[in-house]
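I have placed the structure first, in the form of structure tokens, so that the comments after it can refer back to it.
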Amino acid sequence: SDQQVEHVKRYAQHENQDSVLYEAMIKQSEVRDLCQNPLTLTLLCLLQTEDAQTSSTRTGLYDSIHKVIKKRASQRSDLYSTVHDIESHLLLPLYKLAFDAYQKDEFVLRAVDFARLSCQPDQMCLVGYLSKEVVISRLEEDVRYSFNHKTFLEYLTAKHIALMGSSERQKWLRSLNYA
């Protein structure tokens, strides 16, 4: 559609790229459904920029983006220089935080949520899934960390569920109340 073309042209301009590559992507039948959503269209453009493998499924798209995010985080971090370090020290705890937040139907984390972790919230923000927001009121300053998009919260929650042991997952499933 015209809106998709306009979207990828703006993306290309932001990246100082020619939009032809992105416009051609929109016409590919295997990703046409994913191009309907502005977030997934932007993620597809990012994968094109990174020369990363694209997928025709939403899960595959998020898996590919997750790999790019981990790679970029390891390049930015002074403490965790490998993708494995990022995964074990920052992402595994973040998966659990996302799971806990999702369970409580919350999309914002506070310092207390990070208290039991070995890493600092600002380190987790370097990965790219969280944004830090300082809220100042007349009484006090409050720091909040929010997921950049609800879809990322859901993806990270699913990563945690996939990594649960089978008995832990069964216990969790039994605890769910279905209407």
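The values are calculated or read from the model by the stated rules, or taken from the named source; none is laboratory data. Fair warning: this is a prediction, and the values are worked out from it, not measured in the lab. With ideal geometry, Cβ positions are generated from the backbone for all residues, glycine too; neighbour counts draw on all protein chains shown. SASA here: full protein model, heavy atoms, side chains in, ligands and nucleic acids out. Shrake-Rupley method; radii C 1.70, N 1.55, O 1.52, S 1.80 Å.
In plain terms, if you count all Cα to Cα distances in the range 80-179 and split them into 5 Å steps from zero, the share in each step is 2, 12, 21, 23, 18, 12, 7, 3, 1, 0 percent.
If the reach is capped at under 26 angstrom between alpha carbons, list the lysines near K67, excluding any in the same chain fewer than eight residues apart. Output for K67: K9, K27, K96, K132, K150, K159. The trypsin sites (Lys or Arg not before Pro) of the range 43-147 that meet both conditions, a loop assignment by DSSP and at most 15 other Cβ atoms within 10 Å of the site Cβ, are K104, R116, R138.
Protein heavy-atom surface of the chain, 1.4 angstrom probe: 49% of the accessible area is carbon and sulfur, with nucleic acids and ligands not counted. Take the Cα of D63, step 7 Å toward its Cβ, do the same at D122, and the gap between the two points is 3.6 nm.
Within the listed set N16, N37, N148, the Gaussian network model of the chain (springs between alpha-carbon atoms below 10 Å) gives the highest mean-square fluctuation for N16.
The angle separating the long axis of helix 166-175 from the principal Cα axis of greatest extent in the chain is about 80 degrees. In the chain, the alpha-carbon atoms span a convex hull of 184 Å³ per residue.
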